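The values are calculated or read from the model by the stated rules, or taken from the named source; none is laboratory data. The structure displayed is predicted, hence computed values, not measured ones. Because the Cβ atoms are built from the backbone with ideal geometry, glycine has one as well, and the counts that use them run over all protein chains shown. For the accessible areas, the whole protein counts, side chains as well, though only heavy atoms, and no ligand, DNA or RNA atoms are used. Shrake-Rupley method; radii C 1.70, N 1.55, O 1.52, S 1.80 Å.
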Amino acid sequence: MQELKAIWPAYELECIISNDGSTRLQMEEVERLSRETGILFLNNEENQGKGASIRKGAASSHGEIIIYTDIDFPFGIEPVVEMVELLQVNPRCQFVYGARSKQYFRQLPFKRKVISQCLKMLNVFLLSPRIKDTQAGIKALRREVLNEMLATQTNSFVFEIELIRKLMQRKVEIRSVAVSPEPGLVFSDFGSQTLWRELINLVRIFTRKAPVATAVEIPMIERNPTRDVCRRLR
């Protein structure tokens, strides 16, 4: 947050930490953070899933631009800055997603790499050929489309596929930015139970009413060498 405040001293930044049932919390640190101005800690004692955790955090936000990412900022703060600047210069754009680089996929465990690549192909067939990635852990949206996020029903890992599908129905302009993992980032792997749960959730998403229009997607821009920031703690 200090880095972002230094970039945008004129902005009133709000950081919302949405804990999704993690038992690895250091309560002294949580209490210290909660006393700081502009930081809100939300706690789910039981794990409810990525979608539920992000919806809870976003519903508590106040800014015109909402960004959510994982607690460890896996892509650094550069894409956060880039997403905000993109939304500022393009008032028509209402949603920005991170598109993971080839370097990112090279670092994934084998099973997770296969699943991620399969999801990318499904995006092409089930959403739009212009939607390159849905699962990178960073997204930005304007408050105007917050209700679409809050209306999603999927609680698990693939909830963003449902979200993007809803945005497509509204003909929302969607853009993407390239993201790469921070050095030393360690990736977890998926268990079989998680895989089957996500497959079931995908079926549920696409057996609901189909979207009536495709998203307006402008080609991804490469990163150059943020104001609510929602961070999810797993």
*Give the accessible surface of the chain per residue, rounded to a whole number of Å², with probe radius 1.4 Å and ligands, DNA and RNA excluded.*
51
_Neighbour cut-off at most 12 other Cβ (10 Å), DSSP loop, trypsin sites (Lys or Arg not before Pro), segment 1-82_ = ARG24, ARG35
_Helix-only [θ]222 nm of the chain, DSSP H runs n ≥ 4, -39500 (n - 2.57) each, per residue, nearest 500_ = -11500 deg cm²/dmol
_Accessible area of LEU4 in the full protein assembly, 1.4 Å probe (Å², nearest 10)_ = 0
*asked:* To the nearest 20 Debye, how big is the dipole of segment 1-130 about its Cα centre, given +1 on the beta carbon of each Lys and Arg and -1 on that of each Asp and Glu?
replied: 980
_Distance between modelled label sites at PHE105 and ALA59, nm, 7 Å Cα→Cβ extension_ = 3.6
*Kindly rank 83-89, 97-103 from highest to lowest mean number of other beta carbons found within 10 Å of each residue.*
97-103, 83-89
_Assuming 0.36 nm per residue, please report the length gained on full extension of the stretch ALA151 to ARG130 beyond their Cα-Cα distance._
5.2 nm
*asked:* Could you put TYR104, TYR11 in order of accessible surface area, largest first, with the 1.4 Å probe and the full protein assembly present?
replied: TYR11, TYR104
*Assuming R0 = 41 Å, can you tell me the calculated FRET efficiency for the pair SER34 and LYS113, based on Cβ-Cβ distance, to the nearest 0.05?*
0.65
*For segment 1-42, which GluC sites (Glu not before Pro) are both in a DSSP coil and crowded by at most 16 other Cβ atoms within 10 Å?*
GLU12, GLU36
*Roughly to the nearest percent, how much of the accessible area of segment 115-181 is carbon and sulfur, given a 1.4 Å probe?*
53
*Report the charge-dipole magnitude of segment 95-155 in Debye, nearest 20, computed about the Cα centre from +1 at each Lys and Arg Cβ and -1 at each Asp and Glu Cβ.*
380
